[in-house]
Amino acid sequence: GKRTATGKPILADDPHLAVQMPSIWYEIGLHCTTDITTNCPYNVTGFSFPGVPGIIVGHNNRIAWGVTNVMSDTMDLYIEKINPQNPNQYEMNGKWVDMQLVKEEIKVASQEPVNQIVRSTQHGPILSEVFSPLQKFDENSSVQIPKNYAVSLRWNALEPSRLIAATQEINRAQNWQDFRAAASKFEIAAQNLIYADVDGNIGYQMPGKTPIRKKGDGRYPVQGWNNQYDWQGYIDFEELTHSFNPQQGYIITANNAVVDESYPYIITKDWVRGYRAKRIDEIISNTKSPLSLADIELIQADNLDLNARDLIPIIQSMTFDNPVVENARQLLLNWDFKLEIKSPESAIFETFWKKLLTLTFNDELPSDYRPDGSDRWYAVVKNLAAQPNNLWWDNRNTPEFENRDEIFKLAFVEAVDELENSLGSNPEKWNWGKLHQINFRNVALGKSGVFLIEKLFNRGIYQAAGDGETVNANRWKANQSSFEVTHIPSFRMILDLAEFDNSQAIHSTGQSGHAFNRHYTDMIEPWRNVEYHSMLWGDEKIDEKAESTLVLRPE
């Protein structure tokens, strides 16, 4: 949210989700054809999920709102002691207690139904019977593991919630008070709710049923045979962080921490480290004139990598005897740190980053814990880079002691060797987009293994800019073999509260989920190039631009 010279705010949104096809989003407007009444209260447009009755993000005639994930930790695993004489009983405070047994029938096409009995303790359903990683604990586990045990899940989403009611009330809200009242019912899948209205106000509200734990922080499985790790209820809504018209004049959420260490409750111990939020703040702080729609477009398209800006000076100060390697280093001397599709510097740095993580950590960490290259590792490596002789730099598999500069040099040489093999011998012709690509596969049929079906429903490879921690967040994982994109900005939206018809948006594949419809893929190229279409608001403009009209009349 950002207030402009007109006093009317601009609200921007670009949720970050796994690559999906068809798009998870459906752009839609709900407009009553009569005046707004209690019988027909909707005049709203934006984005929804197919099947959800209401708009999840968008605007009505007076307010606008957007979302990013809070990252709340609302799932806890409990190790339950199981009665060796009765598998349907578990221990609680020294007594055997009967589990709740629920019969479920799962219908399977062309086959007999599968019957499953779901067993639940007071914490929640038993997961370990169907989720194999929970069937065996490491002998070094910090929790005493009973001889007969099972693992159950406590999750706020398994309890009744008012999420749909909250969404519909937000759609009808006319001011900040209405918005907060609706947000108080946004109980699961907590999102950072950003607010703006036509009167020039901006606001932030964290919603959600966030557990208060008697003991522990929720990160690891805990003993469930007594009450010491149970939940004591949820944080009261009025104690969840919120803000209205902050003095700085703007609000940023990009999955970053929304509370600091002084906050009395645990929201999560796994916040992202705030690199995207920091970059957005940097751009806004350095913009002297009021922000325009074009400025917001540039923010959503921003590919500057703060990790590169932190680490490149170390490489720039080195020299290499190999002319190809030295040529690659020279390219970095005047690089602007932006991960653009056609940029050779981007290909060099991101390949170096992958090699650096491998050389630094793979000799110490087991395979399941090796770095994925996310912003957690940005912070780790930045801290280590200030300690050139830290033990983490040493390769434990060699007799010599390696320091930071030796590992940096080796990682750079290995990166150049890999790029030579994959992209040719001339560094100036290397290209980030040739490595960093999105494969749009149909969610249901895209990995069927049947060539003809995959050819019909998938739409193949597209080059992408950025990485997971640029504002234009196209994530790849350093612990995978390729640079394939795994998560993307699933849609982009910019709302102009001074003139709603100026608002614009795009989502990642197309409005249709039908593979033979021309709208199945027609948004991929504009989305990839951070281009937009208008979000039509006024009836006349909607009618003018209408491609077709479907009228459904109840009998």
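The values are calculated or read from the model by the stated rules, or taken from the named source; none is laboratory data. Just so it is clear, the structure is predicted and the values come from calculations on it, not from any experiment. Positions of Cβ are backbone-derived with ideal geometry, glycine not excepted, and every protein chain shown enters the neighbour counts. Accessible surface is based on the protein model in full, side chains and every heavy atom, while ligands, DNA and RNA are left aside. Shrake-Rupley method; radii C 1.70, N 1.55, O 1.52, S 1.80 Å.
Give me the residue from region 364-388 that is open to solvent by 30 Å² or more (accessible area, probe 1.4 Å) and charged (D, E, K, R) and, out of that set, farthest from the chain's Cα centre (by Cα). It would help to see each step written out before you state the result.
To start, the set of residues in region 364-388 that are open to solvent by 30 Å² or more (accessible area, probe 1.4 Å) comprises 364-370, 372, 376-377, 380, 382-383, 386-388.
Still in the running and charged (D, E, K, R): 364, 368, 370, 372, 376, 382.
Working: GLU364: 28, ASP368: 21, ARG370: 20, ASP372: 15, ARG376: 14, LYS382: 23 Å.
Per the stated criteria, the residue is GLU364.
Considering only residues of region 421-445 that are assigned to a helix (DSSP H, G or I) and open to solvent by 60 Å² or more (accessible area, probe 1.4 Å), which is farthest from ILE341 (Cα to Cα)? Step through it out loud before you land on a result.
Our first condition is that a residue be assigned to a helix (DSSP H, G or I); within region 421-445, this holds for 421-423, 427-429, 432-435.
Adding the requirement that they be open to solvent by 60 Å² or more (accessible area, probe 1.4 Å) leaves 421-422, 428-429, 434.
Numbers: ASN421: 19, SER422: 16, GLU428: 13, LYS429: 12, LYS434: 8 Å.
Looking at the filtered set, the residue picked out is ASN421.
Which of the residues belonging to region 142-170 are of a type outside the set (D, E, K, R), assigned to a loop (DSSP other than H, G, I, E, B) and touching a residue at least 24 places away in the same chain (Cβ under 8 Å)? I'd like the intermediate steps shown before the answer.
Applying the first criterion (of a type outside the set (D, E, K, R)) to region 142-170 yields 142-146, 148-153, 155-158, 160-161, 163-168, 170.
From the residues that got through so far, the ones that are assigned to a loop (DSSP other than H, G, I, E, B) too are 142-146, 148, 160-161.
Matches in region 142-170: SER142, VAL143, GLN144, ILE145, PRO146, ASN148, SER161.
If we scan region 261-284, do we find a residue that is free of Cβ contacts under 8 Å to residues at least 12 places away in the same chain and either within 30 Å of ASN502 (Cβ to Cβ) or of a type in the set (Lys, Arg) (or both)?
Taking every residue of region 261-284 in turn, at least one turns out to be free of Cβ contacts under 8 Å to residues at least 12 places away in the same chain and either within 30 Å of ASN502 (Cβ to Cβ) or of a type in the set (Lys, Arg) (or both).
If you take the residues in region 521-555 that are in contact (Cβ under 8 Å) with a residue 12 or more places away in the chain, open to solvent by 60 Å² or more (accessible area, probe 1.4 Å) and farther than 29 Å from LEU445 by Cβ, which one is nearest to the chain's Cα centre (by Cα)?
SER534
Could you say which residue among PHE408, PHE412 is touching a Lys or Arg at 6+ places or on another chain (Cβ under 8 Å) and either of a type in the set (A, V, I, L, M, F, W, C) or surrounded by 18 or more Cβ atoms within 10 Å (Cβ to Cβ) (or both)?
On the way: PHE408 fails: touching a Lys or Arg at 6+ places or on another chain (Cβ under 8 Å).
That would be PHE412, the only listed residue that is touching a Lys or Arg at 6+ places or on another chain (Cβ under 8 Å) and either of a type in the set (A, V, I, L, M, F, W, C) or surrounded by 18 or more Cβ atoms within 10 Å (Cβ to Cβ) (or both).
Cβ-Cβ distance below 8 Å, separation of 6 or more or different chains: which pairs start in region 99-126 with a residue that is part of a strand (DSSP E or B) and end on one that is loosely packed, with under 10 Cβ neighbours inside 10 Å and of a type in the set (Asp, Glu)?
Pairs found: VAL114/GLU105; ASN115/GLU105; GLN116/GLU105.
Which count do you get for residues in region 218-250 that are buried (at least 16 other Cβ atoms within 10 Å of the Cβ) and more than 17 Å from PHE186 (Cβ to Cβ)?
10
State all residues of region 484-520 that are surrounded by 20 or more Cβ atoms within 10 Å (Cβ to Cβ) and part of a loop (DSSP other than H, G, I, E, B); if no residue qualifies, say none. Full working, then the answer.
At the first step, the residues of region 484-520 found to be surrounded by 20 or more Cβ atoms within 10 Å (Cβ to Cβ) are 485, 488-497, 503, 505-510, 520.
Residues satisfying the conditions are VAL485, SER490, LEU497, SER503, SER508, THR509, GLY510, TYR520.
Could you please give the count of residues in region 319-334 that are over 13 Å from GLU414 (Cα atoms), among the aliphatic types (A, V, I, L, M) and open to solvent by 30 Å² or more (accessible area, probe 1.4 Å)?
2
How many residues does region 33-84 contain that are under 20 Å from the mean Cα position of the chain (by Cα), part of a strand (DSSP E or B) and more than 30 Å from GLY233 (Cα to Cα)? I'd like the intermediate steps shown before the answer.
If we filter region 33-84 for residues that are under 20 Å from the mean Cα position of the chain (by Cα), which is where we start, we get 46-50, 55-58, 65-75.
Of the ones still in play, those that are also part of a strand (DSSP E or B) are 46-48, 57-58, 65-69, 75.
Cutting the leftovers down to more than 30 Å from GLY233 (Cα to Cα) gives us 46-48, 58.
The total comes to 4.
Pull out all pairs, ordered by first then second residue, where Cβ-Cβ is under 7 Å, the residues are six or more apart or on different chains, the first lies in region 309-325 and is closer than 25 Å to GLY424 by Cβ, and the second is surrounded by fewer than 16 Cβ atoms within 10 Å (Cβ to Cβ) and of a type in the set (Ser, Thr, Tyr).
VAL324/SER425
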